[in-house]
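Data first, discussion second: the structure below is written as structure tokens.
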Amino acid sequence: MPLQSHSISARVQPLVHNAVKEHGKISMIWVGPTPGVILHDPKLVREVLSNKSGHFKKEELPSRFMKLIGLGLLNHEGDKWAVHRKIINHAFLLEKLKVT
């Protein structure tokens, strides 16, 4: 892999990379006994993340991982998530993310 390359998905997540390469932008994988859906289309990802019907739940994280990261946006849901997201939203404004 070239030094200046940002294409690291094949090395970081080879299972996901190969599934998208073989089956397209909407794929399914099994991680142990748990099925997973891969969405590689921003419009579909937005639909899933903004869905309010409750069909899409966050995966529970192992307790040892929770001790590492603590409580925050990653594991909150509902109103608590909305409050935390509003707090960090300013860090992700387009003007702040632009590289000059």
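Worth pointing out:
- Most fluctuating residue given options 75, 18, 89, as computed from a GNM of the chain linking Cα atoms under 10 Å: 89
- Aspartates and glutamates with Cα under 16 Å of residue 21, excluding same-chain neighbours fewer than 8 positions away: 41
- Cβ-derived FRET efficiency at R0 35 Å, residue 30 paired with residue 95, nearest 0.05: 0.25
- The alpha carbons of region 58-100 occupy a box of 40, 24, 15 Å along the principal axes, longest dimension given first.
- Report summary: the helix-based calculation at 222 nm, which adds -39500 (n - 2.57) for every DSSP H run with n ≥ 4 and divides by the residues of the chain, gives -11500 deg cm²/dmol.
- One chain, two ends: residue 22 and residue 73. Fully extended at 0.36 nm per residue, the span grows by 15.1 nm beyond their Cα-Cα distance.
- Each Lys and Arg Cβ is given +1 and each Asp and Glu Cβ -1; about its Cα centre, the chain then shows a dipole of about 220 debye.
- Computed over neighbours whose Cβ is under 11 Å from that of residue 79, the net charge equals +2, Lys and Arg +1, Asp and Glu -1.
- As a ratio to 2.2 N^0.38 Å, the alpha-carbon radius of gyration computed for the chain takes the value 1.32.
Bear in mind these aren't lab numbers, they're just calculated from the coordinates by the rules spelled out. Bear in mind that the values here come from a model prediction, so they are computed numbers and not experimental data. Methodologically, a virtual Cβ is constructed for each residue, glycine included, from the backbone with ideal geometry; neighbour enumeration extends over all protein chains shown.
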